[in-house]
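The values are calculated or read from the model by the stated rules, or taken from the named source; none is laboratory data. These figures come from a predicted structure and were not determined experimentally. Neighbour counts run over all protein chains shown; Cβ positions are idealised from the backbone, glycine included. SASA here: full protein model, heavy atoms, side chains in, ligands and nucleic acids out. Shrake-Rupley method; radii C 1.70, N 1.55, O 1.52, S 1.80 Å.
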Amino acid sequence: MKEIIFWLILLIICIGVELITMGLTTIWFAGGALAAIFMAVIGAPIWLQATIFIVVSLVLLFFTRPIAVKYFNKDRVKTNVESMVGRQAIVISEIDNLQGIGQVTVGGQEWSARSAEDRVKIAVGAVVMVVAINGVKLIVRDISREQLLQNPTQADAK
């Protein structure tokens, strides 16, 4: 009887953790605990109950989790932050690495940004190229100056 109570408590804990985290991890161990409860009810020894718990949990985790993740996350917008590298952005808040400030907009989204060159400040309105990503910050290089150097007639026209 105490084995049934142990597996039942484990089942409740696994379901509770899954409801809190929604990580699709502990639910599979809840399935293993449920199988172990059935083994305890029919009077199987504790070593067999534990073995069934482990085997069923792992089988559910490795074979059904990828399917469940794909099914439950089908409406989630997939982002590929690495695709940001090479895109142009516009500075909306001055970029100054020394002060640790700066923001750009890329495709209508605002991002924190830092200059690829440590001592270079980049002014608001400058066009920059995303050269790398560091955590949640875009590392950018000012291409406004490069464009002016390549096309001096445009600078004269302004």
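Take the residues in region 118-141 that are in contact with a strand residue (DSSP E or B) (Cβ under 7 Å, 6 or more places away or on another chain), assigned to a loop (DSSP other than H, G, I, E, B) and not aliphatic (A, V, I, L, M); name whichever of them is surrounded by the most Cβ atoms within 10 Å (Cβ to Cβ).
So, considering only residues that are in contact with a strand residue (DSSP E or B) (Cβ under 7 Å, 6 or more places away or on another chain), assigned to a loop (DSSP other than H, G, I, E, B) and not aliphatic (A, V, I, L, M), the one surrounded by the most Cβ atoms within 10 Å (Cβ to Cβ) is LYS121.
Condition first: open to solvent by less than 70 Å² (accessible area, probe 1.4 Å), acidic (Asp, Glu) and not in a strand (DSSP E or B). Now tell me which residues in region 81-117 satisfy that.
GLU117
Quick grid of which residues meet (1) touching a Leu at 6+ places or on another chain (Cβ under 9 Å); (2) open to solvent by less than 30 Å² (accessible area, probe 1.4 Å); (3) part of a helix (DSSP H, G or I):
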| site | (1), (2), (3) |
| --- | --- |
| ILE20 | no, no, yes |
| PHE29 | yes, no, yes |
| GLY32 | yes, yes, yes |
| ALA50 | no, no, yes |
| PHE53 | yes, no, yes |
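If you go through region 46-62 one residue at a time, how many are closer than 16 Å to LEU11 by Cβ and not β-branched (Val, Ile, Thr)?
Total meeting the criteria: 6.
Scan region 52-72 and tell me whether some residue there is at pLDDT 90 or above and not aliphatic (A, V, I, L, M). Show your work before the answer.
So the first thing to find is which residues in region 52-72 are at pLDDT 90 or above, and the list is 52-59.
Then drop every residue that is not not aliphatic (A, V, I, L, M), which leaves 53, 57.
Within region 52-72 (the criterion being at pLDDT 90 or above and not aliphatic (A, V, I, L, M)), the answer is yes, since at least one residue qualifies.
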